[in-house]
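Here is the structure we will look at.
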Amino acid sequence: MPRWRLVWRIFPSHLFVTLAALAAFTAYTAHVAGQFHLTRVSRELEARGRLMSDAARETLARGVAGEIDALCRELGEKASSRVTVVLPSGEVVGDSEESPQSMDNHANRPEIVTAMSGDVGRAIRFSRTLQRDLMYVALPVYDGTTLVAVLRVALPLTTVQSALWSNRTDVFLGATVIALLAAIASWLVARQIARPLEELKQGAELFARGDFKYHLRIPASEEIASLAQAMNQMADQLDQRIRTIVNQRNQQEAVLSSMIEGVIAVDVKRAIISLNHGAARMLGVASQDVQGQSIETAVRNTALQEFVTRALDSHAPIEDEFVLHTQQEQVVQVHGTVLRDAHGNGLGAVIVLNDVTALRRLEQVRRDFVANVSHELRTPITSIKGFVETLLGGALEKPDDARRFLEIVARQADRLNAILEDLLILSRTEAGEWQKEIRLERLPIREVIDAAITLCRPKASVRGIEMTVTCPEDLEARVNAPLLEQAVANLVDNAVKYSEPEKSVHVEASQVEGEVVIRVEDHGAGIPSEHLPRLFERFYRVDKARSRGLGGTGLGLAIVKHIAQAHGGRVGVESVPGKGSTFSVYLQS
Ligand code: ADP
């Protein structure tokens, strides 16, 4: 169905009603005016007739032939109308226009019949004599009480009608002007009615587009005013609600995207409703790309797909752990909870992914560490136990053997002690590092290096190793002196241990690009490059037998690394097998 603008629906009907009323009124007015005019003309003819009737009576009484006809002509000319005198027999004796002899008997003419009976006869009729429409008024002429003739005065209707027509043209012109004015008025009224509604429509369209700042003008008409007020109120409330919803959604998004855990919401058809940054990162997808996709299309991991199926089917929250193979392998712990509406119908499920890779790696490191410690401790303990049993089994009786065995027991006890001491240092450094308890002060590096060298000097002099130091006196850094001394001592001790006798060890400290670097350089056996990446791990040794033989615990470099980290620094190593090694500690200056 074609839709019309309201103004085009109101205007034609309004105009039609106005024009119909105007036409009816004009027609009625024209009719009344016509009637009035005819009555007036008829009355006028009657009055003329009455004025003439005396003269006619007298002329008839004289009885002179032809005199009455002459009178008729004279009167007709004066009154500009046709005057006829008819005897009671119907014979025409005088006529202003025609010769009475040529005229037929008028006894049966309706106006004459009426006049004969004593009344005023009126008729509008076609005159056969004059061949046109005439208005006739006939009056009885009495002589005393005797009817002597009928005097008829007539006027051609064309004269009457032309007067009427000129009157009607004026009326028609007037009506046309009024109709035009009515059309303009109708248009203005239709616009007046339609405009507030048009404004309401435009306002509603703006509201639908979300422009709630716009406010409808309140029109004068009561009904439309209350509609406009209601719409303005509705827009305010919608604005308020949409703001609240947007705020809530933003808050939710902020919470979800700031979560490290991955959160995926799916509907009952397994299509992704939302997926936060955490989940996108873990799964290696872009969250806006996978919205609306099914979990099978979005995530190529069968374990996760199966987990989603289980979560949707299960009534209670479920939990699992599996490996995701994205850029790197990730161990994820997943929790799945089904979403239900107020009536308990399933809406979908929420899956929370927790990256536990680091945790699992740490657990593995701990397990390895415990195994390593047990292994390291078992060797000296087994050895001590063995020799003690041998002593108890009779070797005590042989003083030479007993002494040798006890010396071995004492050495193994020293070794145990060394391992435990190193473990203690390591655990203290780690604990301090974790709890940020290590106090750092700005101190000259030279003093720390000298203290470490002093510690190692006895061992070095036994092996005939010369130790040199290059360090500016004013070189300072924020350090914990005892810890850094321990680290430098460990490095110098290793350099002495793993160098051939009579070689030299050089310790150098300098400022390089905002860092203080302490280098310990030896000219020992060096380390093959494949060992370098793991050298700072606990209990890692290049040559186990040699390390043990030299009283090493395998913890020295791990301690150095942790001390460097506790200072916010790092460690490094360069080594050429056969030529020597250089270990470096980098500190924040
Ligand atoms: P250890 O107590 O065995 O010396 P460390 O952690 O101090 O333990 O050192 C780990 C291993 O690194 C040693 O077993 C040794 O094989 C190697 N290493 C350390 N320092 C040097 C060095 N200066 N020259 C050659 N090898 C070294």
Handout entry: Positions within region 515-567 being among the β-branched types (Val, Ile, Thr) and either touching a helix residue (DSSP H, G or I) at 6+ places or on another chain (Cβ under 7 Å) or over 15 Å from Leu491 (Cα atoms) (or both), in sequence order
Key = Val516, Ile518, Val520, Val542, Thr553, Ile559, Val560, Ile563
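Looking at the structure I just gave you, is Gly34 surrounded by 12 or more Cβ atoms within 10 Å (Cβ to Cβ), part of a helix (DSSP H, G or I) and modelled with pLDDT of 90 or more? Reasoning before the result, please.
Values: surrounded by 12 or more Cβ atoms within 10 Å (Cβ to Cβ): yes; part of a helix (DSSP H, G or I): yes; modelled with pLDDT of 90 or more: no.
So Gly34 does not fit the description; no.
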Practice task
Could you identify the single residue in Ala311, Ala235 that is buried (at least 18 other Cβ atoms within 10 Å of the Cβ) and under 30 Å from His215 (Cα atoms)?
Solution key: Ala235
Practice task
For region 428-444, state whether one or more residues are within 16 Å of the ligand (Cβ to nearest atom), under 60 Å from the mean Cα position of the chain (by Cα), open to solvent by less than 60 Å² (accessible area, probe 1.4 Å) and not basic (Lys, Arg).
Solution key: yes
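Hey, could you check region 249-264 for residues that are in contact with a Gly (Cβ under 6 Å, 6 or more places away or on another chain) and touching a residue at least 40 places away in the same chain (Cβ under 8 Å) and say which is most open to solvent (accessible area, probe 1.4 Å)?
Among those residues, the one meeting the criterion is Ile260.
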Practice task
Tell me which residues, restricted to region 546-559, are more than 7 Å from the ligand (Cβ to nearest atom) and buried (at least 18 other Cβ atoms within 10 Å of the Cβ).
Solution key: Ile559
Completion exercise
The lone condition Gly90 fails out of (1) surrounded by 13 or more Cβ atoms within 10 Å (Cβ to Cβ); (2) free of Cβ contacts under 8 Å to residues at least 60 places away in the same chain; (3) closer than 27 Å to Val177 by Cα is (3)
Exercise for the section: Give region 37-50 a look and list any residue that's at pLDDT 90 or above and of a type in the set (A, V, I, L, M), or say none. Expected result: Leu45, Ala47
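If you check Ser575 against the conditions, is it open to solvent by less than 60 Å² (accessible area, probe 1.4 Å) and within 6 Å of the ligand (Cβ to nearest atom)? Lay out the reasoning, then the answer.
On the way: open to solvent by less than 60 Å² (accessible area, probe 1.4 Å): yes; within 6 Å of the ligand (Cβ to nearest atom): no.
Spelling it out, it is not the case that Ser575 is open to solvent by less than 60 Å² (accessible area, probe 1.4 Å) and within 6 Å of the ligand (Cβ to nearest atom).
Of the residues in region 341-357, how many are surrounded by 13 or more Cβ atoms within 10 Å (Cβ to Cβ) and over 11 Å from Phe322 (Cα atoms)?
Filtering region 341-357 for residues surrounded by 13 or more Cβ atoms within 10 Å (Cβ to Cβ) gives 346-357.
Now restrict to residues that are over 11 Å from Phe322 (Cα atoms): 346-352.
Residues in region 341-357 being surrounded by 13 or more Cβ atoms within 10 Å (Cβ to Cβ) and over 11 Å from Phe322 (Cα atoms): 7 in total.
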Practice task
For region 68-79, state whether one or more residues are open to solvent by 50 Å² or more (accessible area, probe 1.4 Å) and assigned to a loop (DSSP other than H, G, I, E, B).
Solution key: no
Handout entry: Residues located in region 532-545, provided they are within 7 Å of the ligand (Cβ to nearest atom) and either acidic (Asp, Glu) or not in a loop (DSSP other than H, G, I, E, B) (or both)
Key = Asp543
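The values are calculated or read from the model by the stated rules, or taken from the named source; none is laboratory data. Being a predicted model, the structure only gives us computed values, none of them experimental. FYI the Cβ positions are ideal-geometry reconstructions off the backbone, even for glycines, and counts take in every protein chain you see. In case anyone asks, the SASA skips ligands and DNA or RNA and just uses the protein heavy atoms, side chains included. Shrake-Rupley method; radii C 1.70, N 1.55, O 1.52, S 1.80 Å.
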